[in-house]
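Visitor: The structure that follows is given in the form of structure tokens.
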Amino acid sequence: MPEYIHLKIKRQDGPNEPSRWEEFKLPYKPNMNVVSVLMELRKNPVNAHGQKTTPVVWDCTCLEEVCGACTMIINNKVRQACSALIDQLSQPIILRPLTKFPVVRDLQVDRQIMFEHLKQVKAWVNIDGAFDLGRGPRMSEHDRKVAYQLSRCMTCGCCMEACPNVNSKSDFIGAAPLAQVRLFNMHPLGKMDKNQRLDAIMTKGGLVDCGNSQNCVMACPKNVPLTTSIADLNRQTTLYSFSRWFNRE
Amino acid sequence: MASQKVIVVGGGLAGLMATLRIVEKGYKVDLFSLVPVKRSHSLCAQGGINAALDTKGEGDSTEQHFYDTIYGGDFLADQPPVKDMCDNAPGIIYLYDRMGVVFSRTPEGLLDLRLFGGVKKRRTAFAGGTTGQQLLYGLDSQVRKFEAQGLVTKYEGWEFLSAVIDDQGVCRGITAQDLASMEIHSFAADAVVLATGGAGMIYGRSTNSIICTGAAAGRVFQQGVEFANGEFVQFHPTGMLGDDKTRLMSEASRGEGGRVWTYKDGKPWYFLEEWYPAYGNLVPRDIASRAIYKVCVEMGLGIDGKNQVYLDLTHKDPEFLTNRLGGILEIYQQFTGEDPRKVPMRIFPAPHYFMGGMHVDWNHMTAIPGLFAAGECDHMYHGANRLGANSLLSASYSGYVVGPKVIEYIKGLDRSATDVSQSIFDRERQRQVEIDEAVYRMDGNEDPFILHDELGDNMMTNVGVVRYNKNLELADAKIQELMERYKNIKLSDTRPWANQTVMFVKQLWHMLELARVIALGALNRNESRGAHYKPDYPERNDEEWLKTTRARWTPDGPKFEYSDVDISLIKPVQRRYDVAGGGK
């Protein structure tokens with residue numbers, strides 16, 4: 001049993017500030033996770049050299065790996081901090097902010113662009129209004145299971161972080177919003193607008209920018225079938241292109 | 001006046017539903033949230049949402065749903081709004097279904113239902129084991145559509161600081177702080193809806209997300225909004241203990257056949273089934289929590305001598321469990337390393353839900369005109385105890401009704417917020433800037449996070465599942481001690497950028513204010529009702545205590561008044577779950 005929990009954290013005071021590494025040692029306790037360690041740390045923010053420092057800034061909300069907020073790079077793997085159990089990590093535990101998003105402070109990053117992408121691909125069912133129109137469409141339990149796999153995406157950013165084609169020189173929106181296109185194109189009401197969503201991903205930064213490295217599906221903490229979805233969308237866009245060509249005026 | 005604008009604070013189910021109902025009538029909404037709304041706490045709800053859809057041929061009805069909710073709440077809820085909620089529940093589920101929420105299905109493709117506590121008919125629609133997440137995502141996607149049209153402006157990563165109240169006492173907007181730049185601004189609106197959720201953080205570790213501090217409610221409480229039924233805090237019987245939080249193990253695990261037991265005389269003892277033969281493992285949460293507490297704390301029969309008992313699903317088919325409860329079992333496995341399909345889970349009651357909240361009228365308006373509250377932060381639908389799977393419903397329904405009520409209110413205004421003198425906004429903003437500057441100057445020797453730990457321990461120990469007056473007095477004395485020590489906090493981070501410590505210090509004060517409301521409300525109420533249980537006063541006392549608790553802030557601590565409950569539809573009867581006739 002280790003005596004200490006040894007952390008090495010990449011810190012940065014603000015978006016345009018230089019980054020630095022700071023080390024921390026905390027007395028070991030069993031059954032901790034990265035979030036509970038950071039919480040312990042902020043009660044007495046002293047680094048491994050015994051110097052007073054500021055508490056580490058990071059995002060977290062639910063602590064049940066369902067909100068996606070606490071995503072960071074832990075020992076070179078992108079994942080949620082709340083479900084990263086200390087007893088399963090090799091030490092020193094190295095914490096870094098995501099690299100594909102602008103740093104706000106320390107381990108906190110701005111992932112607003114992911115929500116913008118959802119807007120861009122029209123990831124919604126175009127219902128007429130939030131009022132009661134009676135029963136919704138029937139759906140088989142089989143289709144429901146496929147849809148549920150997709151709808152568990154928590155917009156955490158792991159897939160973008162892992163993707164070599166998401167970088168500062170590319171506009172690629174990444175796998176997450178693509179899977180949402182597949183989700184809404186499956187829904188009995190959502191499919192009425194499916195071509196609009198396909199249009200949205202057939203532009204620059206869309207489907208064609210996927211380089212098929214398949215890192216995304218390995219990185220996804222919720223096992224969203226990302227690569228299968230991208231393959232399915234390739235089929236959908238191909239069919240759509242043909243139909244547009246045959247039906248052109 | 002189509003240029004009128006509404007502010008909604010909070011992006012969980014209630015806030016998003018309210019937003020939708022307002023924007024689709026052509027009014028603009030500014031939506032404020034601590035976190036991107038897609039990460040709001042509603043997503044932690046697991047098991048499902050109640051509606052008498054009766055797709056299982058059991059003859060369920062909205063009347064029965066209404067009765068179960070009132071009875072489960074030990075008759076402390078005003079009855080007409082609860083009836084409206086239950087009547088509207090099926091329509092709300094159908095609405096979610098049209099949005100694309102992936103509810104689990106029957107073989108015919110209809111919405112499947114499962115059993116939950118305190119009821120005898122299957123009434124709970126669900127989306128695997130992450131129903132709250134799926135409902136939230138449905139609403140989030142709909143609000144995004146309006147955001148793309150420019151009708152909704154999101155302020156994500158902002159904290160609500162106060163209501164802006166004009167000289168006539170009318171709410172005309174809010175002040176809020178940008179959590180990155182730390183700038184404080186005022187925002188004008190013709191009406192404000194607070195949909196800011198519960199306050200589990202007052203208990204330190206709870207099933208709540210860390211953003212559920214109750215600070216928003218605490219802030220307007222100090223501005224004149226009453227806090228009602230604060231002493232009614234639900235302890236969820238099946239929480240899994242952790243250092244950072246007590247994660248929830250959904251009631252659905254009991255609904256799908258989970259059995260609660262411990263060892264007695266070397267043999268498994270299914271104490272809920274023995275004590276409550278009519279409902280067995282599916283007694284309501286307050287009853288189950290008290291039983292587990294009794295077995296562990298009073299009888300000393302917890303597993304391994306600790307405060308824990310087994311919740312056992314190992315007799316069920318693993319594939320069935322994965323399909324129906326997957327998300328929930330994953331959480332247990334991930335955080336304990338044990339597979340609940342193979343070994344029983346260890347659980348103990350954990351603070352979970354606030355039945356009480358800001359006092360609102362049946363239009364969801366607080367005592368401050370123009371300031372509304374909806375969702376867990378209001379006091380309206382659950383009386384003294386909430387039934388499982390009624391929270392996603394009340395959050396959705398309260399957002400569903402508050403929207404049209406807000407529009408009705410702003411249509412009746414004789415002047416718009418934009419006509420109000422700027423000085424009203426500047427004055428309130430200045431007040432908040434001064435509070436902020438005072439926090440930045442704090443240079444004593446107390447640590448705010450340690451004060452918060454002490455608050456949580458105090459509340460758990462003294463204002464928990466079982467309550468004694470002498471402990472409640474101790475609890476209040478301790479809170480007042482913490483309020484004194486608060487003034488002596490040392491701020492460990494003084495940077496003017498993304499300073500989470502400053503925000504936490506400010507929230508902590510409001511937690512302390514509300515903690516007193518909870519502790520003193522519990523001290524005053526000498527009876528046992530729903531989640532509030534005093535062994536020295538074991539019976540419900542309708543003659544003296546069939547009353548809504550209403551706390552009002554004063555500089556000398558909360559003052560309490562009590563008002564009658566509307567029991568016009570169902571006559572109160574004794575609440576029993578041990579006999580067949582109990583729940584009607």
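Values quoted throughout were computed directly from the atomic coordinates according to the rules given, and no laboratory measurement underlies them. These figures come from a predicted structure and were not determined experimentally. Note: ideal-geometry Cβ built from the backbone for every residue, glycine included; neighbour counts use all protein chains shown.
Visitor: Kirkwood hydrodynamic radius (Cα pairs, Å) of the range B:409-478?
Guide: Details: mean 1/r = 0.0600 Å⁻¹.
Mean inverse Cα-Cα distance, inverted, gives 16.7 Å.
Visitor: OK, next. I'd like to compare B:259-269, B:523-533: which one has the highest average count of other Cβ atoms within 10 Å, and what's the full order after that?
Guide: Values: B:259-269: 14.8, B:523-533: 22.5.
Ranking the peptides B:259-269, B:523-533 by packing returns B:523-533, B:259-269.
Visitor: Return the calculated 222 nm mean residue ellipticity for chain B, to the nearest 500 deg cm²/dmol, obtained by summing -39500 (n - 2.57) across DSSP H runs with n ≥ 4 and dividing by the residue count. Can you show the working numbers first?
Guide: Details: 15 runs with 207 residues, N = 584.
My calculation for chain B gives -11500 deg cm²/dmol from helical runs alone.
Visitor: Which trypsin sites (Lys or Arg not before Pro) from the range A:137-191 combine a DSSP loop assignment with at most 14 other Cβ atoms within 10 Å?
Guide: Working: sites: A:138, A:144, A:145, A:152, A:169, A:182, A:191; in loops: A:138, A:152, A:169.
Those that pass, being in a loop and sparsely packed, are A:138, A:169.
Visitor: Right, something else. May I ask you to derive the FRET efficiency for residue A:241 and residue A:51 from their Cβ-Cβ distance with R0 = 60 Å, giving the value to the nearest 0.05?
Guide: 0.45
Visitor: Also, quick follow-up: Looking at the range B:494-557, what % of the alpha carbon pairs are farther apart than 20 Å? Could you put the intermediate results ahead of the total?
Guide: Numbers: 967 of 2016 pairs.
Here the long-distance tail beyond 20 Å is 48 percent of all Cα pairs in the range B:494-557.
Visitor: Let me check I've understood the local charge: for residue B:524, count other residues with C-beta under 14 angstrom from its C-beta, Lys and Arg +1, Asp and Glu -1. What total comes out? It would help to have the intermediate numbers written out before the result.
Guide: On the way: positive: B:467, B:516, B:525, B:529, B:534, B:547, B:550, B:552, B:559; negative: B:231, B:473, B:476, B:527, B:536, B:544, B:561.
Once all neighbours under 14 Å are counted, the net charge is +2.
Visitor: Dipole of chain B, Cα-centred, from +1 at each Lys and Arg C-beta and -1 at each Asp and Glu C-beta, to the nearest 20 debye?
Guide: Numbers: 65 positive and 75 negative charges, 197 e Å.
Computed charge dipole of chain B: roughly 940 debye.
Visitor: Let me ask something additional. I'd like the mean, over residues of B:109-122, of how many other protein chain beta carbons sit within 10 Å of each residue's own Cβ. Show your work: numbers first, answer last.
Guide: Numbers: counts 9, 4, 4, 2, 0, 0, 0, 0, 0, 0, 0, 0, 0, 0.
Other-chain Cβ atoms within 10 Å of each residue's Cβ, averaged: 1.
Visitor: For chain B, max minus min Cα coordinate along each principal axis, in Å, sorted largest first?
Guide: Answer, in whole Å and largest first: 71, 56, 50 Å.
Visitor: Please identify which residues in the range B:301-328 have an amide N closer than 18 Å to a label point set 7 Å out from the Cα of residue B:274, following the Cα→Cβ vector.
Guide: B:301-306, B:308-312
Visitor: Using the Karplus equation 6.51 cos²θ - 1.76 cosθ + 1.60 (θ = phi - 60°), what ³J(HN,Hα) coupling, rounded to whole Hz, does each residue of the range B:305-321 give in order, writing x for Gly and Pro?
Guide: Rounded to whole hertz, the list is x, 9, 7, 6, 10, 8, 10, 10, 10, 5, 7, 9, 5, x, 5, 4, 5.
Visitor: For a quick check of your reading of the filter: which GluC sites (Glu not before Pro) in the range A:18-50 sit in a DSSP loop and have no more than 13 other Cβ atoms within 10 Å? Working shown, then result.
Guide: Details: sites: A:22, A:23, A:40; in loops: none.
When the GluC sites (Glu not before Pro) of the range A:18-50 are filtered for loop state and at most 13 Cβ neighbours within 10 Å, nothing remains.
Visitor: Residue B:339 to residue B:469: extension gain in nm, 0.36 nm per residue of separation minus the Cα-Cα distance?
Guide: Length gained, residue B:339 through residue B:469: 42.7 nm.
Visitor: Same structure, new question: Place +1 on the Cβ of every Lys and Arg and -1 on the Cβ of every Asp and Glu in chain A, take the dipole about the Cα centre, and give the residue among A:92, A:103, A:177 whose Cα lies farthest towards its positive end.
Guide: A:177
Visitor: Something else: Per residue of A:141-149, what is the mean number of Cβ atoms on other protein chains within 10 angstrom of that residue's Cβ? It would help to have the intermediate numbers written out before the result.
Guide: On the way: counts 8, 2, 3, 8, 5, 1, 5, 11, 2.
Per residue, the number of nearby Cβ atoms from other chains is 5 on average.
Visitor: What FRET efficiency, computed as 1/(1 + (r/R0)^6) with R0 = 22 Å and r the Cβ-Cβ distance, is obtained for residue A:99 and residue A:75, rounded to the nearest 0.05? Mind dumping the intermediate values first?
Guide: On the way: r = 15 Å, r/R0 = 0.67.
Efficiency, rounded to the nearest 0.05: 0.90.
Visitor: What cysteines in chain A have no other cysteine with a beta carbon less than 4.7 Å from their beta carbon?
Guide: A:82, A:153, A:156, A:158, A:163, A:210, A:220
Visitor: Hey, if you put +1 on the Cβ of every Lys and Arg and -1 on every Asp and Glu Cβ in the range B:180-245, which of B:222, B:211, B:181 ends up farthest toward the positive end of that dipole?
Guide: Towards the positive end, the residue furthest out is B:211.
Visitor: Using only atoms on other chains, find how many Cβ atoms lie within 10 Å of each Cβ of peptide A:25-38 and report the average. Walk me through the numbers before you get to the answer.
Guide: Working: counts 0, 0, 0, 0, 1, 1, 6, 3, 5, 1, 5, 4, 2, 1.
Mean partner-chain Cβ count within 10 Å for A:25-38: 2.
Visitor: Right, here's the next one. At what distance in angstrom do the alpha carbon centres of the range A:121-149 and the range A:190-249 lie from each other?
Guide: 20 Å
Visitor: Over the protein assembly as shown, with a single point scatterer placed on each C-alpha, what log10 of the ratio I(q)/I(0) does the Debye formula yield at q = 0.07, 0.08, 0.11 1/Å?
Guide: Log10 I(q)/I(0), no solvent term: -0.49, -0.66, -1.36.
Visitor: Please report the orientation-averaged projected area of the range B:466-573, defined via the convex hull of its C-alpha atoms, in nm². Walk me through the numbers on the way to the answer.
Guide: Numbers: hull surface 38.6 nm².
Computing the convex hull of the Cα atoms and averaging its projections yields 9.7 nm².
Visitor: Shifting gears a bit: Expressed as a whole number of Å, what is the distance separating the alpha-carbon centroids of the range B:27-43 and the range B:194-245?
Guide: Distance between centres, Cα-based: 18 Å.
Visitor: Viscosity 1.002 mPa s, temperature 20 °C: give me the Stokes-Einstein translational D for the range B:84-142 in µm²/s, with Rh taken as the Kirkwood radius over C-alpha pairs. Working shown, then result.
Guide: Details: Rh = 12.2 Å.
The calculation lands on 176 µm²/s.
Visitor: Measure of size requested: the Rg and Dmax of the range B:40-156, with Cα atoms as the atom set and Å as the unit; please supply both.
Guide: 15.7, 46
Visitor: Continuing with the same structure: What residues qualify as long-range amide H neighbours of residue B:161, i.e. H under 5 Å apart, gap of 5 or more or another chain, H built at 1.01 Å from N?
Guide: B:175, B:176, B:177
Visitor: Answer with one residue from B:50, B:390, B:233: the one whose Cα lies farthest towards the positive end of the charge dipole of chain B, charges on Cβ with Lys, Arg +1 and Asp, Glu -1.
Guide: Highest projection toward the positive end goes to B:50.
Visitor: Taking the C-alpha atoms of the range B:140-262, how large are the radius of gyration and the largest Cα-Cα span, Dmax, in Å?
Guide: Rg and Dmax of the range B:140-262, Cα atoms, are 18.9, 61 Å.
Visitor: Residues with beta-carbon under 11 Å from that of residue A:4, excluding residue A:4: net charge, scoring Lys, Arg +1 and Asp, Glu -1? Intermediate results must be reported in sequence, preceding the final value.
Guide: On the way: positive: A:25, A:29; negative: A:3, A:23.
Result for the neighbourhood of residue A:4: 0.
Visitor: On to the next question. Tell me the Kirkwood radius of chain A: reciprocal of the mean inverse pair distance over distinct alpha-carbon atoms, in Å. Don't jump to the answer; show the numbers that get you there.
Guide: Numbers: mean 1/r = 0.0496 Å⁻¹.
Taking the inverse mean of 1/r over all distinct Cα pairs, chain A comes out at 20.2 Å.
Visitor: Next up: If you plug each phi of the range A:63-69 into the Karplus form 6.51 cos²θ - 1.76 cosθ + 1.60 with θ = phi - 60°, what whole-Hz ³J(HN,Hα) values come out, in order, with x for Gly and Pro?
Guide: Those phi angles translate into 6, 10, 6, 10, 9, x, 5 Hz.
Visitor: Please list A:239-246, A:98-105 highest first by mean number of surrounding beta-carbon atoms within 10 Å per residue.
Guide: Numbers: A:239-246: 11.0, A:98-105: 19.0.
So the peptides A:239-246, A:98-105, ranked by packing, come out A:98-105, A:239-246.
Visitor: Can you compute the charge dipole magnitude of the range B:276-339 about its Cα centre, using +1 on each Lys and Arg Cβ and -1 on each Asp and Glu Cβ, nothing else charged? Give it in debye, rounded to the nearest 20.
Guide: Values: 6 positive and 9 negative charges, 67 e Å.
Rounded to the nearest 20 debye, it is 320 debye.
Visitor: Please figure out what share of the DSSP beta bridges in the protein assembly as shown is antiparallel and state it in percent, rounded to the nearest 5. List each step's numbers first, then the result.
Guide: On the way: 66 of 88 bridges.
For the protein assembly as shown, the DSSP antiparallel bridge percentage is about 75.
Visitor: Whole Å is fine, so just give me how far the alpha carbon centre of the range B:81-134 lies from that of the range A:1-50.
Guide: The range B:81-134 and the range A:1-50 have Cα centres separated by 43 Å.
Visitor: In the neighborhood of residue A:95, defined by Cβ-to-Cβ distances under 15 Å, what is the net charge if each Lys or Arg adds +1 and each Asp or Glu adds -1? Numbers along the way, then the final one.
Guide: Working: positive: A:8, A:10, A:11, A:20, A:25, A:42, A:77, A:79, A:96, A:105; negative: A:22, A:23, A:40, A:59, A:106, A:161.
Result for the local shell: +4.
Visitor: Hey, got a sec? Which trypsin sites (Lys or Arg not before Pro) in the range B:409-463 land in a DSSP loop and have at most 13 other Cβ atoms within 10 Å?
Guide: Working: sites: B:411, B:415, B:427, B:429, B:431, B:441; in loops: B:415, B:441.
Here the sparse-neighbourhood loop sites are B:415, B:441.
Visitor: Could you state the angle between the C-alpha long axis of helix B:422-440 and the longest principal axis of the C-alpha atoms of chain B, as a value from 0 to 90 degrees rounded to the nearest 10?
Guide: 60 degrees
Visitor: Whole percent per 5 Å bin, from 0 to the bin with the longest distance: what is P(r) over all C-alpha pairs of the range B:206-270?
Guide: Going from the shortest bin to the longest, the percentages are 4, 12, 14, 16, 16, 13, 10, 6, 5, 3, 1, 0.
Visitor: Which FRET efficiency value, to the nearest 0.05, do you get for residue B:317 and residue B:106 by plugging their Cβ-Cβ distance into 1/(1 + (r/R0)^6) with R0 = 25 Å? Don't skip to the answer; put the middle values down first.
Guide: Details: r = 18 Å, r/R0 = 0.73.
Given R0 = 25 Å and the Cβ-Cβ separation, E is 0.85.
Visitor: Output ³J(HN,Hα) for the range A:199-212: one whole-Hz value per residue in order, computed from phi by the Karplus curve 6.51 cos²θ - 1.76 cosθ + 1.60 with θ = phi - 60°, and x for Gly and Pro.
Guide: Per residue, the Karplus-derived 3J(HN,Hα) values read 3, 5, 9, 9, 9, 4, x, x, 3, 5, 7, 5, x, 6 Hz.
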